[in-house]
1. Only one of these conditions is not met by Ile61: (1) without any contact (Cβ under 8 Å) to a residue 24 or more places away in the chain; (2) open to solvent by 30 Å² or more (accessible area, probe 1.4 Å). Which number is it?
2. One residue is enough: does segment 119-126 have a residue meeting the conditions outside any loop (DSSP other than H, G, I, E, B), modelled with pLDDT of 95 or more and among the hydroxyl-bearing types (Ser, Thr, Tyr)?
3. Within segment 118-133, can you find the residues that are in contact (Cβ under 8 Å) with a residue 40 or more places away in the chain and under 12 Å from the mean Cα position of the chain (by Cα)?
4. How many of the residues making up segment 211-232 are at pLDDT 95 or above and charged (D, E, K, R)?
5. So which pairs qualify, if the first residue must be in segment 75-102 and open to solvent by 80 Å² or more (accessible area, probe 1.4 Å), the second must be among the hydrophobic types (A, V, I, L, M, F, W, C) and part of a loop (DSSP other than H, G, I, E, B), the Cβ gap must be under 8 Å, and the two must be at least 6 apart or on different chains?
6. Asp42 passes all but one of (1) at pLDDT 85 or above; (2) among the charged types (D, E, K, R); (3) surrounded by 14 or more Cβ atoms within 10 Å (Cβ to Cβ); which number fails?
7. Answer yes or no as to whether Asp114 is buried (at least 16 other Cβ atoms within 10 Å of the Cβ), within 19 Å of Ile40 (Cβ to Cβ), in contact (Cβ under 8 Å) with a residue 60 or more places away in the chain and of a type outside the set (A, V, I, L, M, F, W, C).
8. Mind checking whether some residue in segment 234-246 is in contact with a helix residue (DSSP H, G or I) (Cβ under 9 Å, 6 or more places away or on another chain) and charged (D, E, K, R)?
Amino acid sequence: MEKMEGMEKMGASEQLASWLKESDNIVFFGGAGVSTESGIPDFRSVDGLYNQKYKYPPETIISHSFYVRDPEEFYRFYKDKMIFQDAQPNRAHKALAKLEKMGKLKAVITQNIDGLHQAAGSKEVLELHGSIHRNYCTRCGAFYSLDDVMKAEGVPRCTCGGTVKPDVVLYEEGLDQHTMSKSVQYIRHADMLIIGGTSLTVYPAAGLIDYYNGTKLVLINRSVTPMDSRADLVVSGSIGEILGDIVEAM
């Protein structure tokens, strides 16, 4: 049984390698699973944030209303559990950056806020949920870096006296419509769509798959997703290992 599964995985990887070689308008759509191999926990995994105990549930703390009501507690949790300054790009991030450099990959669409795709060298990155590296004063709009936020005691304040807020999409907040519409355009025109490291259960982001019109829809995941039956190819396993092995050999 184990040997058969290994053969199936090898067959799927060979198919993926073949499609990567023949495609030149690839779009990648990824979630938390892309960064778990860099040591950043997935919200919904067994060891993820949702399974840890706090005074309030994580989804309450990282909501817009909680941020407004108790920014001190929000920032305590945010700095402690959502910022991983030592995290480095893994093989998946690097493989995607290489595919873009080769002219094959046109865009990375990510649900992650860690900036690791850019750190790996990717240029066209659409961040659906924002980024920890961008922070703005809610009063005057002045920009602050991640370092500024981390150095601040308690709630970061602007020189104008306003509160500095991370440019990340909190619960109860809508996604940026410009980023969404740009993502839709990339997916609509892609000849190959690779989806990796996401459970495809968080909407509206998960709905982006509906805009793909091609015949090379690839899902790379450690576990099954509700969309597996719609995929043209499902590859099970580590996304860094699978993409890394193929792209490094190209």
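The values are calculated or read from the model by the stated rules, or taken from the named source; none is laboratory data. All of these numbers come straight from a predicted model, not from anything done at the bench. Quick reminder, even Gly has a Cβ in these numbers, built from the backbone with ideal geometry, and neighbours come from all protein chains shown. SASA here: full protein model, heavy atoms, side chains in, ligands and nucleic acids out. Shrake-Rupley method; radii C 1.70, N 1.55, O 1.52, S 1.80 Å.
1. Single failed check for Ile61: (2).
2. Kept after step one, since they are outside any loop (DSSP other than H, G, I, E, B), are these residues of segment 119-126: 119-120, 125-126.
Filter once more, so that each one left must be modelled with pLDDT of 95 or more: 119-120, 125-126.
Restricting the remaining residues to those that are among the hydroxyl-bearing types (Ser, Thr, Tyr) gives none.
No, segment 119-126 has no match at all.
3. Selection gives Leu126, Glu127, Leu128, His129, Gly130.
4. Matching residues across segment 211-232 total 2.
5. From residues that are open to solvent by 80 Å² or more (accessible area, probe 1.4 Å), the pairs are Met102/Met250.
6. (1)
7. Yes, satisfied.
8. Yes, there is a match, as at least one residue in segment 234-246 is in contact with a helix residue (DSSP H, G or I) (Cβ under 9 Å, 6 or more places away or on another chain) and charged (D, E, K, R).
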